[in-house]
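Visitor: The structure is given below, and queries will be raised subsequently.
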Amino acid sequence: MNVVTHLLNQKQSFGLLTALFETTPLSLSYLDTEFRYVLASHALAQLAGKTPAELLGTTPFDDREGLETWLRPVLQQVLDSGQPYIEQAAALVQTGANPADESEKFWNINYTPVYDENDVPLGILTILEDVTAQVLQRRQLEEAASEATTRAAQLEVHQTELQIAQRLSDETQAALLELAAAATGVINLKQLVNRIVEIVAQVSGCNRVGLSLYQPVSAEYQPTAVYGLETEQVAEWHQTPGVRRDPTSPYDQMFFVQHQPLILDFEQVREAARQQGTEIPNPYGIKNLMMLPLVQSSEVMGILSLDYAGQYHDFSQSETAILTGMARLSAITIQNVRLLAEANEAATLREANRLKDEFMSLVAHELRNPLTTIKGYTQMTQRQLKKAGITSIQTRYLDTIIEQAERMARLVEDLLDLSKIEAGRFELRCKECDLAALTKRTLEFFQTSTATHQLSLTFFPSPDHALFTGWYDSDRLAQVVNNLLSNAIKYSPQGGPIEVRLQRQTLTQISLPTASQPNDSQLEAIHFSVKDQGIGIPLSQQGNLFERFYRALNSQESGLPGLGLGLHISSQIIAQHQGQMWLESAGENQGSTFHFWVPVTNTN
Ligand code: ADP
């Protein structure tokens, strides 16, 4: 029996009890067995917006049906069972006089049955404790705690991300070093791409990585290297059709133009294709995959794709960032190895070229002597036959042999010169040389060989030999003048005037080709030019004419014989003299003028 029950049971204590109910700040009441208020504290009466006296005789659920359905059975149960009903923080809506004052309140409820000494129920003592403030405070605390938990969870995610990033960055560093080693050309392209897929798999922790490289011929990204497939699947993978660009696809722009990595749900991709009537097979059970562009000079040169063999993978931001970086690095490395391969190829070509030059020089040397012998013996025979009486046909035959032997000898000389130039062994033997005399001699010689051409020679400012004498290799300059005059005759098969000019000028006075402006424009030079009215030179081919073995198309088409070496050698001879050679032609059938200048050097 609790204290209150005891007190209630003591008739004499009733007055005391009434006084207690009137003065207590607690919400107390005492209900009879019909649940009518027998006693109510001020605090309780205030809750109902009444005075304790007004409450007496009423029940807590008068006019409150909603409350009655819940409270009556509870109170009845308390009386019947003799067990108190205790509820912590019960949420009850407090109805004030004004409905707008309604607010949710929380109460600790205690309904305790009261008995007389014969255990006959007398009523129920109710205690309501308003714990709204505590509950709200607890709620706030709980909310704060839950927010903290969410934050902590987020933080954990961050930390995991950081850990991944840390792991990735450690491994990336290792990968970087390895790729850098690859870039120095330690390995070839095939080894490199195989290593890249391995490294990417290691760094990302994914199960499979594939790399496709762009093939310009087929305009496709061809499967090139793969990591993580069963041995028997690898060959089959290499046979997979290459990826082609599809500008109608929304991915095309993102991947090939904006160079963004793509994370694709493979089933969705297949479904989309199915709706377009295409069936994309999935022999490797891909769930989702990441595709990264290998970008070099703003072009996607390859595609790196990775997946987690039959499992979906949530690619995190840091993973994506690191993998994008790796893709960039891979692209650079691939490009490096490719360039290196090209450079090696060029070196191989250079070596092949050197061997060819060596061979050429050997052959030329071997040909030179027999040719001299042929020419010598033919001339001797011709002389002897002349004494014995030679027919005109025999003279023609022998002339032809000599002519051809001379031609061959010139070709052999050209080949020998070329091999010297290529080997950097082309040297001048300079001595005092009168270019005016040299030109005159050559011109006279050529005039005897042609009846259809009229060769002329003009000197400027005057035919003073002193003006055209310098320190030159006369044999070599004779070779140049020979080459230019014979070309002028050869490439004007219809005949016509051939004008040779020899001028003493400063470089400013010479109209040089626009691309070449001299360092010292006051330099004194001898300017040689030969102008013909022949087949001319197509504009598009003029830039190549001084290359070795180069012949303009019109000269080949007109059936005029030649090897394309004379101008190359001549321009080298002039360059060796610190001079310059160039040409002018308004185009095909417009004639040509070939020029060179050599500096006037001190003859002392
Ligand atoms: P080749 O005459 O043996 O072919 P060259 O090196 O002397 O070799 O000349 C190279 C090419 O330049 C010729 O094949 C020809 O196409 C062109 N060429 C040279 N001189 C003339 C010219 N006077 N008129 C037209 N084309 C010329």
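The values are calculated or read from the model by the stated rules, or taken from the named source; none is laboratory data. Computed from a prediction, not measured in an experiment: that's the story for all the values here. Cβ sites come from the backbone with ideal geometry, for glycine too, and all protein chains shown count toward neighbours. Just the protein is used for accessible areas: all its heavy atoms, side chains included, with ligands, DNA and RNA removed. Shrake-Rupley method; radii C 1.70, N 1.55, O 1.52, S 1.80 Å.
Visitor: Could you check segment 197-234 and list, in sequence order, the residues that are outside any strand (DSSP E or B) and either open to solvent by less than 20 Å² (accessible area, probe 1.4 Å) or touching a residue at least 40 places away in the same chain (Cβ under 8 Å) (or both)?
Guide: Within segment 197-234, VAL197, ILE199, VAL200, ALA201, VAL203, SER204, CYS206, ASN207, GLY228, LEU229, GLN233 meet the criteria.
Visitor: Then there's this: Could you please tell me which pairs satisfy a Cβ distance under 6 Å, a separation of 6+ or placement on different chains, a first residue in segment 277-290 that is open to solvent by less than 40 Å² (accessible area, probe 1.4 Å), and a second residue that is modelled with pLDDT of 90 or more and of a type in the set (D, E, K, R)?
Guide: Within 6 Å, the pairs are ILE286/ASP307; ASN288/ASP265; LEU289/ASP307.
Visitor: Kindly indicate the residue of segment 97-156 that is of a type in the set (Ser, Thr, Tyr) and at pLDDT below 80 and also nearest to the chain's Cα centre (by Cα) among those meeting that condition.
Guide: Within segment 97-156, the match that is nearest to the chain's Cα centre (by Cα) is THR150.
Visitor: Continuing with the same structure: Could you pull out the residue among LEU340, LEU329, LEU304, LEU371 that is modelled with pLDDT of 85 or more and open to solvent by less than 90 Å² (accessible area, probe 1.4 Å)?
Guide: Checking each option against the conditions leaves just LEU304.
Visitor: Further, regarding this structure: So MET408 fits all but one of (1) within 28 Å of SER585 (Cα to Cα); (2) open to solvent by 70 Å² or more (accessible area, probe 1.4 Å); (3) under 59 Å from the mean Cα position of the chain (by Cα); (4) within 16 Å of the ligand (Cβ to nearest atom); what number is the exception?
Guide: MET408 satisfies every listed condition except (1).
Visitor: Starting from segment 485-498, take each residue that is more than 8 Å from the ligand (Cβ to nearest atom) and list its partners that are part of a loop (DSSP other than H, G, I, E, B), counting only C-beta distances under 6 angstrom and pairs at least six apart or across chains.
Guide: Listed by first residue and then by second, the contacts come to ILE489/THR450; GLY495/THR452; GLY496/GLN533.
Visitor: I would also like to ask the following. Given (1) more than 26 Å from MET408 (Cβ to Cβ); (2) within 9 Å of the ligand (Cβ to nearest atom); (3) of a type outside the set (Gly, Ala, Ser), where does LEU565 come up short, assuming only one miss?
Guide: It is condition (1) that LEU565 fails.
Visitor: For segment 563-574, name all the residues that are surrounded by 16 or more Cβ atoms within 10 Å (Cβ to Cβ) and at negative phi.
Guide: First, the residues of segment 563-574 that are surrounded by 16 or more Cβ atoms within 10 Å (Cβ to Cβ): 564-574.
Answer for segment 563-574, where residues must be surrounded by 16 or more Cβ atoms within 10 Å (Cβ to Cβ) and at negative phi: LEU565, GLY566, LEU567, HIS568, ILE569, SER570, SER571, GLN572, ILE573, ILE574.
Visitor: Give GLU588, GLU584 a once-over and let me know the one that is more than 8 Å from the ligand (Cβ to nearest atom), open to solvent by 60 Å² or more (accessible area, probe 1.4 Å) and out of contact with any helix residue (DSSP H, G or I) (no Cβ under 7 Å at 6 or more places or on another chain).
Guide: When all the criteria are applied, what remains is GLU584.
Visitor: Same structure, new question: Could you run through segment 31-51 and say how many residues are closer than 27 Å to VAL120 by Cβ and either open to solvent by 20 Å² or more (accessible area, probe 1.4 Å) or assigned to a loop (DSSP other than H, G, I, E, B) (or both)?
Guide: 8
Visitor: Looking at THR452, THR508, which is the one that is within 16 Å of the ligand (Cβ to nearest atom) and either in contact with an Asp or Glu (Cβ under 7 Å, 6 or more places away or on another chain) or open to solvent by 30 Å² or more (accessible area, probe 1.4 Å) (or both)?
Guide: THR452
Visitor: With the requirement that a residue be within 12 Å of the ligand (Cβ to nearest atom) and either open to solvent by 60 Å² or more (accessible area, probe 1.4 Å) or in contact with a Cys (Cβ under 8 Å, 6 or more places away or on another chain) (or both), what does segment 524-542 give you?
Guide: LYS531, GLN533 - these are the residues of segment 524-542 that are within 12 Å of the ligand (Cβ to nearest atom) and either open to solvent by 60 Å² or more (accessible area, probe 1.4 Å) or in contact with a Cys (Cβ under 8 Å, 6 or more places away or on another chain) (or both).
Visitor: Quick test for you: out of LEU418, LEU428, pick the one residue that is open to solvent by 20 Å² or more (accessible area, probe 1.4 Å), in contact (Cβ under 8 Å) with a residue 60 or more places away in the chain, closer than 30 Å to LYS356 by Cβ and not hydroxyl-bearing (Ser, Thr, Tyr).
Guide: Only one candidate passes the filter, namely LEU428.
Visitor: Further, regarding this structure: Considering only segment 543-562, how many residues are more than 6 Å from the ligand (Cβ to nearest atom) and crowded, with 21+ Cβ neighbours inside 10 Å?
Guide: Total satisfying the criteria: 0.
Visitor: Something else: Go through (1) open to solvent by less than 40 Å² (accessible area, probe 1.4 Å); (2) assigned to a helix (DSSP H, G or I); (3) at pLDDT 85 or above and name the single condition TYR397 misses.
Guide: Only one criterion is unmet by TYR397, namely (1).
Visitor: Report every pair of residues separated by at least 6 positions or lying on different chains whose Cβ atoms are under 8 Å apart, first residue within segment 568-581 and farther than 13 Å from LYS420 by Cα and within 16 Å of the ligand (Cβ to nearest atom), second assigned to a strand (DSSP E or B) and not hydrophobic (A, V, I, L, M, F, W, C).
Guide: If the second residue must be assigned to a strand (DSSP E or B) and not hydrophobic (A, V, I, L, M, F, W, C), the pairs left are ILE574/GLN580; MET581/HIS595.
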